[in-house]
Amino acid sequence: MRIAIVVLMVATAVAPSFADTGHDAAPVAIAIHGGAGTMSRADLSEEKEQAIRETLSRALKAGHDRLSAGDSAVDAVEAAIVILEDSPLFNAGHGAVFNSQGGHELDAAIMDGSNRNAGAITGVSHIKNPILLARRVMTGSPHVMLAGTGAEEFAVSQGFALVEEDYFSTDFRRQQLERAQEKQTSLDDLPPPEFRFGTVGAVALDKHGNVAAGTSTGGMTNKRFGRIGDVPVIGAGTYADNDTCAVSATGHGEYFIRSVVAHDIASLLRYTDASLQEAVEDVVLERLLDFGGTGGVISINRRGDIAMEHNTPGMYRGSIDTSGLLSTAIYKGE
């Protein structure tokens, strides 16, 4: 369903701030993704699928435990993403893909919906958990985005220990690079679809009625050195605003930047009477797809509504909703 914006401004209902209304048992919820792409049941062994679902569940529980303890949505997003960054199963942190020069360039971003403060880092090669540095940029500097060696110098000044670049490497990602280079005749050509995807992210709602979003990635396999995708671009791959929603995206980053996907979803909520699910479907299944972009998003609002949608055959994803129900999914239609 395509949503038509027929007025410049319309009144929208905003969920109450539970911090203001005194609700001790305010709902909490969290959703995560581990990347969208061409995955199908034939591509995954039973053992690997089980390992992916178990890791998604562990990340969800880590984030939800923080929410249940009364910690912030930002804390929960960070906790969930660290689990995914530490797993070689996903393209972020340990297990990040190789660029065209055989190195690693990692990006991450985090955003607090209560004040729209945000932090992002891009092109780092020695930060074990990029999401932690993105948060430190948000809380420990006046900036939003730091890049490359400048970001790593900031990390050292903040007490972060650097890791050797080999920490991120796995045999599986090396084999992916070799296959991509065999198929890609020029770095100015797009890699085949199976090499374009892979990002992790989380969105959460805490007991205070605040939402947050975070995203982390190694980018595209065999990407040109210095290429930056949508993840660290606030409003493209990551966005959070209490008045609308929190969004974390995964997909072909150039299209997500040009479509400002995360902010577009939030804008539909701000300026129309669309529900969260309707806004996500409109952007991901129609506007983005019409434009040529492929991928998916997860989103949450202050009521605890969760929307997870993708226009690819699969997206690693999961949630714990306001009732406490945990679910994970990989394939379309689950």
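The values are calculated or read from the model by the stated rules, or taken from the named source; none is laboratory data. All of these numbers come straight from a predicted model, not from anything done at the bench. No Cβ is skipped: glycine too gets one built from the backbone with ideal geometry, and neighbour counts run over all protein chains shown.
To keep it simple, each residue is scored yes or no on (1) touching a helix residue (DSSP H, G or I) at 6+ places or on another chain (Cβ under 8 Å); (2) in a loop (DSSP other than H, G, I, E, B); (3) at pLDDT 90 or above.
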position: GLN176; (1), (2), (3): yes, no, no
position: ALA180; (1), (2), (3): yes, no, no
position: PRO191; (1), (2), (3): yes, yes, no
position: GLU194; (1), (2), (3): no, no, no
position: PHE197; (1), (2), (3): no, yes, no
position: ALA202; (1), (2), (3): yes, no, yes
position: GLY209; (1), (2), (3): yes, yes, yes
position: ALA212; (1), (2), (3): yes, no, yes
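Give the residue that is modelled with the lowest pLDDT, with candidates limited to residues of segment 273-294 that are surrounded by fewer than 24 Cβ atoms within 10 Å (Cβ to Cβ) and touching a Ser or Thr at 6+ places or on another chain (Cβ under 8 Å).
Looking at the filtered set, the residue picked out is PHE291.
Need pairs with beta-carbon distance below 6 Å; first residue without any contact (Cβ under 8 Å) to a residue 40 or more places away in the chain and within segment 55-73, second of a type outside the set (A, V, I, L, M) and not in a helix (DSSP H, G or I); sequence gap 6+ or separate chains.
From residues that are without any contact (Cβ under 8 Å) to a residue 40 or more places away in the chain, the pairs are THR55/SER87.
Could you count how many residues in segment 229-282 are of a type in the set (Ser, Thr, Tyr) and within 17 Å of GLY296 (Cβ to Cβ)?
Summing the residues that are of a type in the set (Ser, Thr, Tyr) and within 17 Å of GLY296 (Cβ to Cβ) in segment 229-282 gives 6.
Residue pairs, Cβ under 6 Å, 6 or more apart or interchain, first in segment 190-209 and of a type in the set (Asp, Glu), second at pLDDT below 95. List them.
GLU194/THR38
Considering only helices (runs of 4 or more DSSP H) fully contained in segment 43-148, which possess at least 1 residues that are of a type outside the set (A, V, I, L, M, F, W, C) and modelled with pLDDT under 95?
Helices (runs of 4 or more DSSP H) meeting the threshold: 46-68.
Considering each of GLY209, GLY251 in turn, give the residue that is on the phi > 0 side of the Ramachandran plot and within 12 Å of the chain's Cα centre (by Cα).
Answer to the check: GLY251.
Which count do you get for residues in segment 233-267 that are surrounded by 24 or more Cβ atoms within 10 Å (Cβ to Cβ) and out of contact with any Gly (no Cβ under 9 Å at 6 or more places or on another chain)?
Going through segment 233-267 one residue at a time, the tally reaches 1.
Out of LEU162, LEU133, LEU67, report the one residue that is more than 29 Å from ASN242 (Cβ to Cβ), out of contact with any Phe, Trp or Tyr (no Cβ under 6 Å at 6 or more places or on another chain) and not acidic (Asp, Glu).
LEU162
The rows are residues; the columns are (1) of a type outside the set (Val, Ile, Thr); (2) over 18 Å from ALA96 (Cα atoms).
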site	(1), (2)
ILE234	no, yes
ALA240	yes, yes
THR250	no, no
LEU268	yes, yes
GLU281	yes, yes
THR294	no, yes
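Checking ALA36 against (1) assigned to a helix (DSSP H, G or I); (2) touching a Gly at 6+ places or on another chain (Cβ under 7 Å): exactly one of these is not met. Which one?
So the condition that ALA36 fails would be (1).
Condition first: of a type in the set (Lys, Arg) and crowded, with 16+ Cβ neighbours inside 10 Å. Can you find one or more residues in segment 116-132 that meet it? Full working, then the answer.
Step one: filter segment 116-132 for residues of a type in the set (Lys, Arg), giving 116, 128.
Of the ones still in play, those that are also crowded, with 16+ Cβ neighbours inside 10 Å are 128.
There is at least one residue in segment 116-132 that is of a type in the set (Lys, Arg) and crowded, with 16+ Cβ neighbours inside 10 Å.
Of a type in the set (Val, Ile, Thr), at negative phi, surrounded by fewer than 24 Cβ atoms within 10 Å (Cβ to Cβ) and modelled with pLDDT of 95 or more: is that true of THR328 in this structure?
Working: of a type in the set (Val, Ile, Thr): yes; at negative phi: yes; surrounded by fewer than 24 Cβ atoms within 10 Å (Cβ to Cβ): yes; modelled with pLDDT of 95 or more: yes.
Against the criterion (of a type in the set (Val, Ile, Thr), at negative phi, surrounded by fewer than 24 Cβ atoms within 10 Å (Cβ to Cβ) and modelled with pLDDT of 95 or more), THR328 qualifies.
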